[in-house]
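Heads up, the thing below is written out as structure tokens.
The values are calculated or read from the model by the stated rules, or taken from the named source; none is laboratory data. Worth saying up front: this structure is predicted, and the values here are computed from it rather than measured. Glycine also receives a Cβ, built like all others from the backbone with ideal geometry; neighbour counts cover every protein chain displayed.
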Amino acid sequence: MMLKFSILVACLLVASLYREVQSDDSSESSEESTIPANVTMKIENSLDSSWPSAEYVVSVPVGTSVYEMMVAAKEQFDDFTFEATYFRQYGGHFIDSINDLAGSSADQTFWRFENGYGVAFDRGVDLILVHANDDVIVFSFASWA
Ligand code: B12
């Protein structure tokens, strides 16, 4: 009888210890998802050096898409604006214009979406997530001709 009771107490102890470890884990992961990132977004015009380039440091949680970061930038900076068109087949947006300068099929110009090393991303703004405080995102007005 005593042995059965001791086994029961031991089981209850193990179960409560397990629950504590689980709840510690979940609080850690919810903290992780709200770690802030300060991302530098550079706006440049590779076709016209007299066009006013701009740089914004945008604060968003790590893991935010670049599209959501741009929406946040619109709220955080009075002088930043953009327009985009949603394409269902790519699950994301094509950036049509930034700071009132729009790409044009007639002129064969567009906003090229690059990393901080001048390399064009292989997907659109909804599918690239920001990671760390030193992340740099560049939009460079360019020609595809
Ligand atoms: C032509 C083309 C372009 C042209 C479109 C201009 C034009 N008027 O023709 C230009 C050079 C502007 C372009 C730009 C980009 N493109 Co592009 N493009 C293509 C390509 C080769 C053909 C599209 C096409 O004409 N389809 C035929 C027409 C009838 O169909 P449509 O759906 O109406 O086409 C439109 C859309 O495709 C849209 N579009 C073009 N590129 C992109 C990219 C994204 C993310 C979205 C949402 C829409 C979009 O523009 C087309 C004309 O209106 C495709 C690859 C392919 N073979 O499909 C890549 C493709 C769609 N592009 C791609 C990419 C990555 C980009 C860029 C993000 C590259 C960059 N890092 O800058 C940029 C967009 C940046 C921004 N401003 O948001 C990827 C998208 C991958 C993804 N899942 O996100 C593709 C699939 C190529 C690839 N495999 O890498 N592109």
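Could you say whether any residue in segment 74-84 is over 18 Å from the mean Cα position of the chain (by Cα) and either of a type in the set (Ser, Thr, Tyr) or within 9 Å of the ligand (Cβ to nearest atom) (or both)? Step through it out loud before you land on a result.
Taking segment 74-84 and keeping what is over 18 Å from the mean Cα position of the chain (by Cα), we get 78-79.
Checking the rest, the ones that are also either of a type in the set (Ser, Thr, Tyr) or within 9 Å of the ligand (Cβ to nearest atom) (or both) come to none.
Within segment 74-84, not a single residue is over 18 Å from the mean Cα position of the chain (by Cα) and either of a type in the set (Ser, Thr, Tyr) or within 9 Å of the ligand (Cβ to nearest atom) (or both).
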Exercise. Has segment 46-64 got any residue that is touching a Gly at 6+ places or on another chain (Cβ under 8 Å), within 14 Å of the ligand (Cβ to nearest atom) and assigned by TED's automatic domain parsing to the domain that holds ASN133?
Worked result: no
Problem set entry | Residue satisfying all of: in segment 85-144; loosely packed, with under 15 Cβ neighbours inside 10 Å and basic (Lys, Arg); farthest from GLU68 (Cα to Cα) among these | ARG88
Problem set entry | Scan of segment 121-137 for residues that are over 13 Å from the mean Cα position of the chain (by Cα) and more than 17 Å from ALA84 (Cβ to Cβ), ordered by number | ASP122
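Yes/no matrix, rows are residues, columns are (1) touching a Ser or Thr at 6+ places or on another chain (Cβ under 9 Å); (2) within 11 Å of the ligand (Cβ to nearest atom); (3) not small (Gly, Ala, Ser):
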position: HIS93; (1), (2), (3): yes, yes, yes
position: SER97; (1), (2), (3): yes, yes, no
position: SER104; (1), (2), (3): no, yes, no
position: VAL119; (1), (2), (3): no, yes, yes
position: ASP122; (1), (2), (3): no, yes, yes
position: LEU129; (1), (2), (3): yes, no, yes
position: ASN133; (1), (2), (3): no, no, yes
